[in-house]
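First up is the structure itself, then whatever we jot down about it.
The values are calculated or read from the model by the stated rules, or taken from the named source; none is laboratory data. Because the structure is a prediction, the values reported are computed rather than measured. Here the Cβ is made from the backbone with ideal geometry for all residues, glycine too, and neighbour counts use every protein chain on show. Note: areas computed on protein heavy atoms with side chains; ligands, DNA, RNA excluded. Shrake-Rupley method; radii C 1.70, N 1.55, O 1.52, S 1.80 Å.
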Amino acid sequence: APGSASIATNRGMLIWEQGLLVEGMALLRKAVELDPGFAGAHVNLAIALYLNGSAEESISHYRNALRLDPINSAARLNLLMPLLESCDWDGVDAEVAALVARVSESDDATVFDSVDPFLSLLIPLPQKLRLRIARHHAEKAAMRIAHGPRVQHSRRGDHTRLRIGYISNGFQDGATGHLTAGMFEHPDRGRFEPFAYSLGSGIGGDSRARLVAAFD
């Protein structure tokens, strides 16, 4: 189905997420050309454009998606970040007002699915609404954990201490490494055995060395 915008946009996102940015972007643009009236294609292209540093073009495609589908939650909420980066404060205020109005008019908690707690701290929301967003995501996380596999405790070795694993790509010379090093250096070693699993590059000089020394 070479003329399918749906296939082109989904394939484009998969290829983009594999790190093949040029090929992925070409497919995402092709999807919009194949069907300019397909809101989902505009949203996917807008996401890739924003991640590629093209905030203003990203905004344009989010606007197109909302013109085609005014209640498209992915477009509505993802639009906020490029608006913030473009310093379009009027646009941010308008989107926040629309979000607050939608929440006030409906008890549908799924509206919060696209608003993560971190984003809620970056936009001018009422504190009560931020709390509702945080609780919504906490409840979803608790449900996932409740239905996950049960932990099987090994009987081998010394298990008098609780083993804690930290996973991050920030165990290096950067904001995360600088802000967390002191916390990692001061656990109660009599009760806890901290492990680190790094997803990062392993480059970081003195900061990396300090973090490595903080873990068992």
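When the Kirkwood radius is taken over all Cα pairs of the chain, what Stokes-Einstein diffusion coefficient follows at 37 °C and 0.692 mPa s, in µm²/s?
Once the numbers are plugged in, D ends up at 158 µm²/s.
Got a number for carbon plus sulfur as a percent of the chain's accessible area, 1.4 Å probe?
Carbon and sulfur atoms account for 56 percent of the accessible area of the chain.
How far, in degrees from 0 to 90, does helix 175-185 lean away from the longest principal axis of the Cα atoms of the chain, to the nearest 10?
On a 0 to 90 degree scale, this one is about 20.
Can you give me the angle between helix 39-51 and the longest principal axis of the chain, using Cα atoms only, in degrees from 0 to 90, rounded to the nearest 10?
On a 0 to 90 degree scale, this one is about 50.
Given R₀ = 45 Å, what would the calculated FRET efficiency be for THR180 paired with ARG67, taking r from the Cβ atoms and rounding to 0.05? Present the calculation step by step, with values, prior to reporting the outcome.
Numbers: r = 43 Å, r/R0 = 0.96.
Efficiency, from the Cβ-Cβ distance: 0.55.
What is the dipole size for the chain, taken about its Cα centre, with +1 at each Lys and Arg Cβ and -1 at each Asp and Glu Cβ, in debye to the nearest 20?
Numbers: 22 positive and 25 negative charges, 211 e Å.
Charge dipole of the chain: 1020 debye, to the nearest 20.
With every protein chain kept in the model, how would you rank ILE167, ILE47, ILE133 by accessible area, 1.4 Å probe, largest at the top? It would help to have the intermediate numbers written out before the result.
Working: ILE167 125, ILE47 45, ILE133 0 Å².
Highest to lowest solvent-accessible surface, that is ILE167, ILE47, ILE133.
Suppose every Lys and Arg Cβ carries +1 and every Asp and Glu Cβ carries -1, with no other charges. What dipole size does the range 1-95 come out with about its Cα centre, to the nearest 20 debye? It would help to have the intermediate numbers written out before the result.
Working: 6 positive and 12 negative charges, 77 e Å.
Once rounded to the nearest 20, the dipole reads 360 debye.
Go ahead and estimate [θ] at 222 nm for the chain from helices alone: -39,500 (n - 2.57) per DSSP H run with n ≥ 4, summed, over the residue count, rounded to 500. If you can, show how the numbers build up before the last one.
Values: 11 runs with 130 residues, N = 216.
Taken over the chain, the calculation gives -18500 deg cm²/dmol.
Calculate, for the chain, the solvent-accessible area per residue in square angstrom, rolling a 1.4 angstrom probe over the heavy atoms of the protein chains.
Spelled out: the 1.4 Å probe surface of the chain, per residue, equals 63 Å².
With everything on Cα atoms, drop me the angle between helix 127-146 and the longest principal axis of the chain, reported from 0 to 90° to the nearest 10.
Tilt relative to the chain: about 60 degrees.
Springs between alpha-carbon pairs under 10 angstrom, Gaussian network model over the chain: which of ILE203, ILE145, ILE71 fluctuates most?
Checking each option, the largest mean-square fluctuation is seen for ILE203.
Normalised by the number of residues in the range 3-59, what is the relative contact order in percent for Cα pairs under 8 Å and 6+ residues apart?
31 percent
Accessible area, 1.4 Å probe, largest first: how do THR180, THR160 sort?
THR160, THR180
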